[in-house]
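Chemist: One structure follows; several queries about it will come next.
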Amino acid sequence: MNVFTPEIECADRETLEAIQTERLKATVKRAYENVPFYKKQFDDAGINPYGITSIHDITKLPYTNKQDLRDNYPFGMFAVPKSEIIRIHASSGTTGKQTVVGYTQRDIDIWAESTARAIAAAGGTKEDIIHISYGYGLFTGGLGLHYGAEKLGAVALPVSSGNTNRQVQLLQDFGSDIICCTPSYAMFIGETMKDMGISPESLSLRAGIFGAEPWTDGMRIEIEKLLGIKAYDIYGLSEITGPGVSYDCSCQKHLHVNEDYFYPEVVDIDTGEPVEDGVYGELVFTCIGKEALPLIRYRTHDISALYHGKCECGRTTVRMAKPRGRSDDMLIIRGVNVFPSQVEYTLTQLGFGTNYLIIVDRKNNLDCMEVKVEINENTVSDTVRDIERAEKVLENALQSMLNVHAKVSLVEPKTLPRSEGKAKRVIDNRKL
Ligand code: DLL
């Protein structure tokens with residue numbers, strides 16, 4: 001088994017909780033004494049920051065929301081002076097202002113260790129070339145995996161995203177062992193390889209570390225076939241650090257959380273009350289190791305569940321289910337909650353590919369949903385009647401999955417937009 005820091009990743013619960021308690025106490029103190037937002041928030045709520053004595057006291061603390069970061073844009077939540085900040089990243093911020101994240105040297109070290117653990121869990125060693133096709137820049141994907149690869153002692157290949165033919169060329173020429181990018185870009189690279197007449201067997205690639213967007217196990221199987229590799233999930237968000245908050249191990253089941261640095265909770269979306277292991281709710285993280293941006297109980301809006309207990313891989317760190325999506329990505333169609341991941345699941349169950357687009361509209365005051373899916377070799381057919389039949393089959397399957405009608409349109413291969421970063425799966429034309 002390839003474990004980067006076995007003393008933590010395979011530690012017993014008592015040891016982990018002792019570390020967490022010490023770090024939580026220090027974090028709360030740091031936040032209270034250095035961030036005016038937290039001083040006010042704690043004082044208003046009558047919380048004594050010095051009265052936190054155990055990691056289990058965390059539930060006494062108030063939540064932090066994205067809006068709090070926006071209200072303190074750009075640097076108002078930083079807990080250290082600018083002289084101690086050595087890096088800044090920012091989240092994409094599709095709505096409203098972007099959120100800005102600062103790092104001290106120690107924060108960068110923690111982050112590099114977190115992604116090094118993820119690369120090792122995907123089988124990476126210092127012998128490997130890690131081809132990094134996440135974007136480099138304010139987005140955390142590229143540099144996050146880059147520093148992890150170097151920490152591991154592997155070769156970091158900073159290709160960044162885009163120029164897909166060149167990506168394939170480099171994979172071939174350099175003999176890269178592991179590729180890191182979004183799952184949708186991995187699909188695109190695989191298709192491009194096929195078009196260039198390059199078979200996966202001719203490459204040295206054996207694993208991929210994919211994240212930054214939700215993807216189903218069905219899509220995992222599709223990528224594994226297309227690229228001839230094992231596909232591992234990696235999760236994270238800029239506010240907490242970037243990629244490496246949690247990662248897949250060889251079991252490829254749930255993702256191990258780096259809980260010595262990022263303490264996870266899952267809470268009921270509406271009430272904010274913690275839920276039991278295995279119950280889906282909203283992920284909440286507390287940065288218990290970070291200096292510059294020590295966020296406390298940050299509500300991610302990501303939907304997942306936690307699982308304690310030893311994993312078959314030997315790690316003991318708590319695991320989280322593959323995120324289903326975000327509560328704010330949930331579509332409400334005629335009053336019914338629909339996640340794009342449910343559509344993707346249904347498509348892959350029936351052998352359709354994962355090149356799809358959901359279009360939502362409102363006609364005569366009624367919501368309507370259309371799912372466009374590219375024809376692939378499993379669904380391809382010469383006759384219009386066969387295509388119509390396939391559309392009906394998929395419409396029925398979606399109806400029973402979602403409890404709402406969706407019109408299905410099978411479209412020609414390669415006619416839907418491809419993505420080099422995070423895929424856009426939904427176009428919502430309703431003026432909501
Ligand atoms: O996407 C960090 C990252 C880069 C993660 C590369 C993994 C790989 P943001 O741009 O701040 O940061 O977006 C964070 O993306 O709250 C989730 O909604 C979503 N997300 C990230 N990873 C996953 C994943 C990066 N593995 C937001 N599965 C998060 C599902 C994911 N959703």
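Chemist: Need pairs with beta-carbon distance below 8 Å; first residue in the same structural domain as residue 217 (by TED's automatic domain parsing) and within the range 323-338, second among the small types (Gly, Ala, Ser) and in a strand (DSSP E or B); sequence gap 6+ or separate chains.
Modeler: 323/304; 324/304
Chemist: For residue 19, indicate whether it is surrounded by 15 or more Cβ atoms within 10 Å (Cβ to Cβ) and within 23 Å of residue 112 (Cα to Cα). Spell out how you get there, then give the answer.
Modeler: On the way: surrounded by 15 or more Cβ atoms within 10 Å (Cβ to Cβ): yes; within 23 Å of residue 112 (Cα to Cα): yes.
Judged against the criteria, residue 19 is a match.
Chemist: When you look at residue 189, is it open to solvent by 30 Å² or more (accessible area, probe 1.4 Å), among the β-branched types (Val, Ile, Thr) and in a helix (DSSP H, G or I), yes or no?
Modeler: On the way: open to solvent by 30 Å² or more (accessible area, probe 1.4 Å): no; among the β-branched types (Val, Ile, Thr): yes; in a helix (DSSP H, G or I): yes.
When the stated conditions are applied, residue 189 does not pass them.
Chemist: May I pose another question? How do the strands (runs of 3 or more DSSP E) wholly within the range 211-309 filter down when requiring 2 or more residues that are open to solvent by less than 10 Å² (accessible area, probe 1.4 Å) and more than 16 Å from the ligand (Cβ to nearest atom): which remain? Don't jump to the end; show me each part of the working.
Modeler: Values: elements: 230-237, 242-248, 255-257, 262-267, 281-287, 298-304.
It comes to none.
Chemist: On the given criteria, is residue 208 at negative phi and in a strand (DSSP E or B)?
Modeler: Numbers: at negative phi: yes; in a strand (DSSP E or B): yes.
Against the criterion (at negative phi and in a strand (DSSP E or B)), residue 208 qualifies.
Chemist: Would you confirm, using the coordinates I've provided, whether residue 162 is within 19 Å of residue 122 (Cβ to Cβ) and assigned by TED's automatic domain parsing to the domain that holds residue 222?
Modeler: Numbers: within 19 Å of residue 122 (Cβ to Cβ): no; assigned by TED's automatic domain parsing to the domain that holds residue 222: yes.
Against the criterion (within 19 Å of residue 122 (Cβ to Cβ) and assigned by TED's automatic domain parsing to the domain that holds residue 222), residue 162 does not qualify.
Chemist: Let me ask another. Condition test on residue 346, is it in a loop (DSSP other than H, G, I, E, B), under 29 Å from residue 266 (Cα atoms) and in contact (Cβ under 8 Å) with a residue 12 or more places away in the chain? Outline the logic, then answer.
Modeler: On the way: in a loop (DSSP other than H, G, I, E, B): no; under 29 Å from residue 266 (Cα atoms): yes; in contact (Cβ under 8 Å) with a residue 12 or more places away in the chain: yes.
Criteria not met by residue 346.
Chemist: Quick check on my filter: what residues within the range 349-361 are surrounded by 14 or more Cβ atoms within 10 Å (Cβ to Cβ) and part of a strand (DSSP E or B)?
Modeler: 356, 357, 358, 359, 360
Chemist: Any residue at all in the range 63-84 that's over 24 Å from residue 265 (Cα atoms) and among the aliphatic types (A, V, I, L, M)?
Modeler: Scanning the range 63-84, I find at least one residue that is over 24 Å from residue 265 (Cα atoms) and among the aliphatic types (A, V, I, L, M), so the answer is yes.
Chemist: On the basis of being buried (at least 19 other Cβ atoms within 10 Å of the Cβ) and under 23 Å from residue 290 (Cα atoms), does residue 152 make the cut?
Modeler: Numbers: buried (at least 19 other Cβ atoms within 10 Å of the Cβ): yes; under 23 Å from residue 290 (Cα atoms): yes.
Here the answer is yes, as residue 152 does meet what is asked.
Chemist: Taking only the range 32-62 into account, find how many residues are closer than 19 Å to residue 259 by Cα, touching a residue at least 40 places away in the same chain (Cβ under 8 Å) and open to solvent by less than 20 Å² (accessible area, probe 1.4 Å).
Modeler: Residues meeting the conditions: 3.
Chemist: Is there a residue being open to solvent by less than 30 Å² (accessible area, probe 1.4 Å), more than 16 Å from the ligand (Cβ to nearest atom) and touching a helix residue (DSSP H, G or I) at 6+ places or on another chain (Cβ under 6 Å) anywhere in the range 319-335?
Modeler: Scanning the range 319-335 turns up no residue that is open to solvent by less than 30 Å² (accessible area, probe 1.4 Å), more than 16 Å from the ligand (Cβ to nearest atom) and touching a helix residue (DSSP H, G or I) at 6+ places or on another chain (Cβ under 6 Å).
Chemist: On to the next question. Suppose we filter 231, 212 for residues that are assigned by TED's automatic domain parsing to the domain that holds residue 68, small (Gly, Ala, Ser), in contact with a Ser or Thr (Cβ under 7 Å, 6 or more places away or on another chain) and farther than 12 Å from residue 118 by Cβ; which single one remains? Give the steps one after another, and end with the answer.
Modeler: On the way: 231 fails: in contact with a Ser or Thr (Cβ under 7 Å, 6 or more places away or on another chain).
Answer to the check: 212.
The values are calculated or read from the model by the stated rules, or taken from the named source; none is laboratory data. Small disclaimer: the values here were computed from a predicted structure and weren't measured. We place every Cβ from the backbone using ideal geometry, glycine too, and count neighbours over all the protein chains shown. Remember, those area values only see protein heavy atoms, side chains included, never the ligands or the DNA or RNA. Shrake-Rupley method; radii C 1.70, N 1.55, O 1.52, S 1.80 Å.
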